[in-house]
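Laboratory data are not the source of any read-out in this text; all were calculated from the coordinates shown. Not measured: the values here are computed from a predicted model. For neighbour counting, all protein chains shown are included, and Cβ atoms are generated from backbone atoms with ideal geometry for every residue, glycine included.
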Amino acid sequence: MYKLYNVKAWGSVSIHCLLEEMEVPYTNIWMTPEQVRAPEFRALSPLGTIPALGLADGHTLFESAAIVSFLIAAHPEKHLSPVPGSPAHGEFMSILHFMSTELYPTTNIALGGSGYASDEAQEAFIKARARDRADGYWQFLETRLAASGPWLMGRDFSALDLYAFMLSLWGRPSEEALHARFPGIAKLATAVRARPKLKAVLESHGVMKLGGYTG
């Protein structure tokens, strides 16, 4: 059985949703930000980041995209990604890592508190530039959805859609504003919220309704 180390509306949202969609056994361990920052947690997640996924053999995985990659490989019968090794799977992995290495960190910077600024004016400049760059990344996904939606892999719902949904929760200046700029993303997020298996999870994170994230 897996152990999910989880903080409400943080980067564990996509993994929490994925485990529910897969219907695999897991234990959910809610944590506070203070517990995440404690030295003891670094024994599980070396960088002190959420999510972390404990495995049955005692090992713990960290980095959200790595956990997604592990789960879809461990449970191919759940059909939440294309067949591993197929061209479509390569495309899936490209989009997953684009979101985790480009859109995710840029979104974090846009939220503020990145530590890169020496004063308030620099902080405002960095946040604004990060928001502009994030919009360029969202436009890439929006264009993909317009060409071959309704999901990021076309007609097939996948783990990518859960990952994109999570990132959209943190849209700047708000999730509502992000949806107004990118209607394809808005449609995807609405469809994710409508999935029966996810209702309890999204409610537990406080994001079942549009604009639920207030961080």
*Using a simple spin-label model with points 7 Å from Cα along the Cα→Cβ vector, what separation in nm is obtained for Gln139 and Ala74?*
3.9 nm
*How much FRET efficiency would the formula 1/(1 + (r/R0)^6) give for Ser118 and Ala177, where r is the Cβ-Cβ distance and R0 is 35 Å, rounded to 0.05?*
0.80
*Which order do the peptides 66-74, 30-38 take when ranked by the mean count of other beta-carbon atoms within 10 Å per residue, highest first?*
66-74, 30-38
*When the Cα centres of the range 11-33 and the range 115-143 are compared, how far apart do they sit, in Å?*
29 Å
*What value, in deg cm²/dmol to 500, does the helix sum -39500 (n - 2.57) over DSSP H runs of n ≥ 4 give at 222 nm once divided by the residues of the chain?*
-15500 deg cm²/dmol
*Let me know the shape class of the range 1-154, please: from the alpha-carbon gyration tensor, a ≥ b ≥ c as square roots of the eigenvalues, rounded when a/c is under 1.5, otherwise prolate if a/b is greater than b/c, or oblate.*
oblate
*Relative to the Cα centre, what is the charge dipole magnitude of the chain, using +1 at the beta carbon of each Lys and Arg, -1 at the beta carbon of each Asp and Glu, and rounding to the nearest 20 debye?*
340 debye
*List the lysines whose alpha-carbon lies under 26 Å from that of Lys78, not counting same-chain residues fewer than 8 positions away?*
Lys3, Lys8, Lys187, Lys197, Lys199
*May I ask for log10 I(q)/I(0) of the range 83-215 at q = 0.12 Å⁻¹, from a Debye sum over the Cα atoms as equal point scatterers with solvent left out?*
-0.48
_If I stretch the segment between Glu23 and Phe98 completely, what's the gain in nm (0.36 nm per residue apart, minus their alpha carbon distance), one decimal?_
24.3 nm
_Are there any chymotrypsin sites (Phe, Trp or Tyr not before Pro) in the range 99-154 that are in a DSSP loop and have at most 12 other Cβ atoms within 10 Å? List them by number._
Tyr116
*In Å, what is the Rg of the alpha-carbon atoms in the range 2-78, and how long is Dmax?*
11.8, 37
*asked:* Taking 8 Å as the Cα distance limit and 6 or more residues as the minimum spacing, I'd like the relative contact order of the range 81-202 as a percentage.
replied: 22 percent
*Among Gly184, Gly136, Gly149: highest mean-square fluctuation, GNM of the chain, C-alpha pairs under 10 Å*: Gly136
